[in-house]
Structures are given as C-alpha cells and as structure tokens.
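This report concerns only the one structure given below.
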Amino acid sequence: MTDMDRPTASDGRPSLEELAARLYEQAADAGALDFEEPAVPPPPAPDEPVGFYGVGDIGLPMARRLLACGARLTVFNRTAAKVEPLVAEGARPARTEHELLEAATTIVTCLQGPDADRQVYLREGGLLAGDVAGKLFVNTSTIGPDLAVEIGSRTAAGGAGYLDAPLLGHGRYAALAGSLVIPVGGAPVDVARGAGVLAAVATVVEHVGAVGAGQVVKIAFNFQFAVASVALADAVRFALRAGVQPASLERVLVESARVSSPIRTYTRRMVDGQHQRRSTFATLAKDLDVANAFAEAIGEPTITGRAAAEAYRRGIDAGLGRLDVPALVHVRPD
Ligand SMILES: NC(=O)c1ccc[n+]([C@@H]2O[C@H](COP(=O)([O-])OP(=O)(O)OC[C@H]3O[C@@H](n4cnc5c(N)ncnc54)[C@H](OP(=O)(O)O)[C@@H]3O)[C@@H](O)[C@H]2O)c1
C-alpha cells in the first residue's frame, strides 16, 4: 500500500503533517536528500578579483566552484563562521562588506531573497553606500524584476555595473558541478565583463535583455514548473487510486514526456506565434474532460483539472479550438 492509499485524516489516515514528517524521515534514512551531478571541467579563472557575498545553501558551492577555477576569491557572509570551509580551501575572508568591496572588482551576491537584497544593497550604509565606481555586481538571487531594476539603477547611479543573474538548474548540485543555467539581464558591456565569473558556475548563460529580464525569465520558468508539478501530482494521484501499477505509470509518463512534454513540444510555437493544426486544442480539451470526470468519479478530484478545463473552454468558445494547443497562450483570465 502506498502513502496515497492510506486512509485520510477523517477516516483514520495520517494527517498531511504526519505524512510530511514521515516522508522527510524516510528520505533522510534512504540518503535521498542528497545527490550528485557530474562535474563540468572548470573553465579558466575569471580575470578580475572576485568577491562573494552570501555562502548559504547554493552560494557555498558556487564559491567552491570559483575556487576550483583558480579565481582570486574573497568571501563574506553575515554569519562569519560559514566562510571557514572556503578559507580552508584558499579563499580570503573579508570581515566586513566594505573589506569585500576593497578586495574585489567583481562582486557576486547570493542572498536569501528580496528582504535580504534590499537590506544589503539599499540600506543606508549598505553595499552601495561607498565608492563603487567601476565595480561590477552580479546578483544571483531571485528577487523579482522590480527590485532588480531598483538595485540596478542604484548601482548605475554609483558608476557600477549590475547583472541580474538568477539561477536555474539543479540547485546546489548544479552549482557545485558548474552546470547551472543563468538567464542574465544587463548591459552588453557588463554581460561580457561578467562572463568569466558566470562560466565558472553555469553551462548555459543567456543574455535575455536589460536588468529585470533575468528575473522575468527565472520566474516564468519556475511558474510553469510549479503549476505543472501540481498537475502531475493530480495525475499520479488519480492514476494510482485507479489501481495502475506505479512502475508502469512511471514508465509511460516519463517516456511520453520525453517525446511530448509541453515545454519541448510547444514553447517555440507559443513564443513565435506560428500556430498550426496538428492535434487540436479541442481534442486535448475533450481528453481533459474525460480525465476530470473520471478523477471525480473515483473520489480523487484534482486541483488543476477544473482550472485547466476553464482555459480550454474559453479558447474553444473564442474559436481557437481548431488550432493546436500552443494557441492557449492567447487565453487570459478575465
Ligand atoms: N538553494 C537552491 O537550490 C537555489 C536554486 C535556485 C536559486 N536559488 C536562489 O539563490 C538565493 C540563495 O539561496 P540559498 O538557498 O543559498 O539561501 P540560504 O541558504 O537561505 O542562504 C541565504 C544567504 O543570504 C544571507 N542573508 C540572508 N539575509 C541576510 C541579510 N539581511 N543580510 C545579509 N545576508 C543575509 C544568509 O546569511 P546567513 O548565513 O548569515 O544567514 C545566507 O548567506 C535565493 O535567492 C534563492 O532563491 C537557490
């Protein structure tokens, strides 16, 4: 019996909280909370002395990777003890933010999120308070486009460059392996200057526009990933409830996705607007209706199914049903 088959809280099954604790324990016992990604050979060291601010979960392996490339690296972290392993591996510690700025011309920041970034970059007496002319700041946090633009304008006002360079890929494992994917927003001259630093941690560095555009691309990817994951969980739940063998379900879903995942199949046509009629929007909508009706009938109504059906219905009512699925890009909420 899988956890999903167990009775629910109201009928004697564990609550979601109990289940969460048990799943975490099982994963930890099985050593499944960690995995390794094959390392990419380190590229040449960046030309400039690099400062690294924020050695948390993903910042630490990024800084390690810069060391592995031979970068002249100075490190700073609010909680000073966290830089000790890097110092043991050859990094110089900075005792203050301003020591970090003195030691480096390119400063990479990898901070927790909007509050931390606002605090570090924009507070009175913060990172940008002194003379930063000629420095390049490479901000790898996910902070949203508006804050990126705000910090970018402040750095520009101080005569410094700024790259909005959020991180995609397999998180800290990709950071350590040097295989992150980084959409970069910034002026071309800054993108060229930061290329060596970004190449140390990423295999794909794509200049996507001005400051702020990196954030847009990052949240666009994470948006679709988050929503698609809810749909996948819905599908797995009702298929298992219907009695399908887990291994068979996995094989068919994974193999089908290899040839027909929405990202692989439809992104180009959603982006370039070249709609075609291969399979139709209406056919997939019909299959979605069948799935929704089935899931409800077996007592596993889905979170995503009704919302998706509503999007297809609107498209069909507007006459998009004769086109293929990428036409969904034209369907908006009210
Ligand atoms: N982890 C991932 O897999 C992953 C993947 C993609 C993108 N990202 C992005 O990468 C960024 C860092 O993530 P993370 O997982 O490394 O976070 P984390 O482990 O929580 O580390 C956060 C870092 O920010 C510092 N910090 C927080 N508030 C601060 C403040 N007010 N002043 C100065 N420093 C402050 C922390 O310092 P202390 O050590 O003193 O707390 C720490 O160095 C986030 O924007 C995240 O969205 C992470």
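Below is a table of values for the structure above.
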{"read-out": "With at most 15 other Cβ atoms within 10 Å, longest stretch of the chain clear of loop trypsin sites (Lys or Arg not before Pro) (DSSP)", "value": "124-276"}
{"read-out": "Length gained when the stretch Val230-Val87 is fully extended (0.36 nm per residue, less Cα-Cα span)", "value": "47.3 nm"}
{"read-out": "Solvent accessible area, Å² - Ser261, 1.4 Å probe, full protein context", "value": "30"}
{"read-out": "On Cα atoms only, tilt of 145-157 relative to the major axis of the chain in degrees", "value": "10"}
{"read-out": "Long-range HN-HN contacts of Gly169 with modeled amide H, under 5 Å", "value": "Val181"}
{"read-out": "Rough spin-label spacing in nm, given labels placed 7 Å along Cα→Cβ, for Thr79 and Ile303", "value": "2.9"}
{"read-out": "Loop-located chymotrypsin sites (Phe, Trp or Tyr not before Pro) in region 12-100 whose Cβ has at most 16 other Cβ within 10 Å (DSSP)", "value": "Phe35"}
{"read-out": "Under 30 Å from Lys135, Cα to Cα: lysines that are on another chain or at least 8 residues apart", "value": "Lys82, Lys218"}
{"read-out": "Asp287 accessible area, 1.4 Å probe, all protein chains in place, Å² to nearest 10", "value": "70"}
{"read-out": "For Cys110, solvent-accessible area (1.4 Å; no DNA, RNA or ligand), Å²", "value": "20"}
{"read-out": "Where the chain is the region considered: accessible area per residue in Å², 1.4 Å probe", "value": "55"}
{"read-out": "Given charges at Cβ of Lys, Arg, Asp, Glu: region 211-334 dipole, positive-most of Ala309, Val290, Val217", "value": "Val217"}
{"read-out": "Inter-site label distance for Asp131 and Arg313 at 7 Å from Cα along Cβ, in nm", "value": "6.6"}
{"read-out": "Spin-label pair Ala247/Asp287, simplified geometry with 7 Å Cα→Cβ offset, distance in nm", "value": "2.6"}
{"read-out": "Accessible surface, 1.4 Å probe, highest first, among residues Glu89, Glu48", "value": "Glu89, Glu48"}
{"read-out": "Fluctuation leader among Gly171, Gly321, Gly59 - the chain, Gaussian network, Cα springs under 10 angstrom", "value": "Gly321"}
{"read-out": "R0 of 41 Å, Cβ-Cβ distance Glu25-Thr265: FRET efficiency to nearest 0.05", "value": "0.60"}
{"read-out": "Cα-based helix-to-principal-axis angle, 188-201 vs the chain, degrees rounded to 10", "value": "80"}
{"read-out": "Selection from Leu128, Val236, Val259 lying farthest towards where the dipole of the chain points positive, charges on Cβ", "value": "Val259"}
{"read-out": "Cubic angstrom per residue, convex hull over Cα atoms of region 180-279", "value": "134"}
{"read-out": "Computed E for Ala257/Ala210 - FRET, C-beta separation, R0 41 angstrom, nearest 0.05", "value": "0.75"}
{"read-out": "Rounded to 10°, Cα long-axis angle of helix 59-68 versus longest principal axis of the chain", "value": "60"}
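The values are calculated or read from the model by the stated rules, or taken from the named source; none is laboratory data. Note that the coordinates shown come from a computational prediction; the quantities given were computed from them, not determined experimentally. Glycine gets a Cβ as well: all are built from the backbone with ideal geometry, and neighbour counts include every protein chain shown. These area figures cover heavy atoms from the full protein model, side chains too; ligands, DNA and RNA do not enter into them. Shrake-Rupley method; radii C 1.70, N 1.55, O 1.52, S 1.80 Å.
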